[in-house]
Amino acid sequence: MKHLWISALLLPLLAAQNAKLPAGWRALFDGQTLAGWESKGDGQWTILADGTLVGQRVWDRKMLAPGGKFTTPKEYQSWLDRQAWLYTTAEYGNYDLHVEFWTKTQGNSGISLRDPSRGEFGISDPPDFRKTPSKLGYEIQINNRYPDPTPTGSVYTFNKAPQEAMKVDQWNTFDIEVRTGTIKVKLNGVLVSDVKCDPARPVRGPIGLQLHDQFSLVMFRNLRIREVR
């Protein structure tokens with residue numbers, strides 16, 4: 001009964017969001033809560049008063065001091081590389097996705113598509129990078145001068161997008177076209193990725209937002225979807 005009561009309260013919020021969008025589009029956030037989403041790992045996800053979603057990691061600084069939590073470099077690296085995710089509870093097949101994002105200098109994040117594991121292997125200790133979302137489904141890279149050769153807008157492991165379309169340290173916009181056999185990504189209106197899907201990977205799944213490591217700080221706003229038959 002409690003869940004039905006909460007859902008009844010949230011429906012007007014989503015209706016108000018959707019009324020502002022072009023025909024066929026609907027908001028993925030109601031602007032006030034994380035209803036319809038589930039957190040995976042130890043990320044902290046907060047919605048600001050203007051509807052901006054903030055994802056970050058929170059930890060005790062004392063654990064990094066000499067003699068603290070870590071006694072070997074391997075222990076530290078395992079902790080550092082552990083991911084966190086926020087996933088839609090719903091799954092989608094063919095759709096268009098609009099996302100506006102910001103991450104700090106040397107920030108790394110991503111948009112997960114069709115990941116059947118919902119980040120399970122990225123949040124494990126240690127992470128299993130053979131089975132992270134980019135290996136089981138697809139990940140659209142977000143990279144603000146992070147030391148990774150894969151630029152923003154790339155479909156991770158499939159291609160490398162040109163770097164010129166990225167606005168460093170600013171808000172950027174993705175328009176992602178997800179179809180059964182192809183994924184196309186526009187970054188700030190510029191087509192930067194157009195790849196064929198792997199026929200061995202799922203054609204349907206959730207949408208995920210990534211906190212890449214323990215120092216991640218990323219923001220998202222104006223997330224909306226238009227499902228396509």
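The values are calculated or read from the model by the stated rules, or taken from the named source; none is laboratory data. Treat the numbers as computed from the prediction; the structure is a model and nothing was measured. Note that we place each Cβ from the backbone using ideal geometry, even for glycine, and neighbour counts take in every protein chain shown. In case anyone asks, the SASA skips ligands and DNA or RNA and just uses the protein heavy atoms, side chains included. Shrake-Rupley method; radii C 1.70, N 1.55, O 1.52, S 1.80 Å.
Note on Lys186: aspartates and glutamates with a C-alpha under 13 Å away, same-chain residues under 8 apart excluded, are Asp96, Glu100, Glu164, Asp175, Glu177, Asp194. Averaged per residue, the chain has 51 square angstrom of accessible surface, using a 1.4 angstrom probe with ligands and nucleic acids left out. Of the two radii for the chain, the radius of gyration is 0.97 times the Kirkwood radius, both from the alpha carbons; that is the Rg over Rh value. For the chain, the 222 nm mean residue ellipticity estimated from helices alone, with every DSSP H stretch of n ≥ 4 adding -39500 (n - 2.57) and the total spread over all residues, rounds to -4000 deg cm²/dmol. So which lysines can Lys62 reach, going by Cα to Cα under 21 Å and dropping same-chain residues fewer than 8 places off? Answer for Lys62, where 21 Å is the Cα cut-off: Lys74, listed by chain and number. If the segment from Val58 to Asp81 were pulled out straight at 0.36 nm per residue, it would be longer than the present Cα-Cα gap by 6.8 nm.
As a fraction of the 1.4 Å probe accessible area of the chain, surface on carbon and sulfur atoms comes out at 55 percent.
Mind giving me the FRET efficiency for Lys131 and Thr180? R0 is 22 Å, r the Cβ-Cβ distance, nearest 0.05 is fine. The computed FRET efficiency comes out at 0.45.
Sparsely packed loop sites in the stretch 19-121 (the GluC sites (Glu not before Pro) outside DSSP H, G, I, E and B with at most 15 other Cβ atoms within 10 Å) comprise Glu91. Structure note, pairs Lys40/Lys69; Lys135/Lys160; Lys167/Lys196; Lys40/Lys196: Cα-Cα distances above 20 angstrom occur for Lys40/Lys69; Lys167/Lys196; Lys40/Lys196. Extension gain for the segment Gln170 to Ala49, taken as residue separation times 0.36 nm less the Cα-Cα distance, is 41.6 nm to one decimal. Is any residue of the stretch 165-180 close enough, with backbone N under 13 Å, to a label point placed 7 angstrom from the Cα of Val190 along the Cα-Cβ axis, and if so, which? Hits in the stretch 165-180 for Val190 at 13 Å: 165-168, 173.
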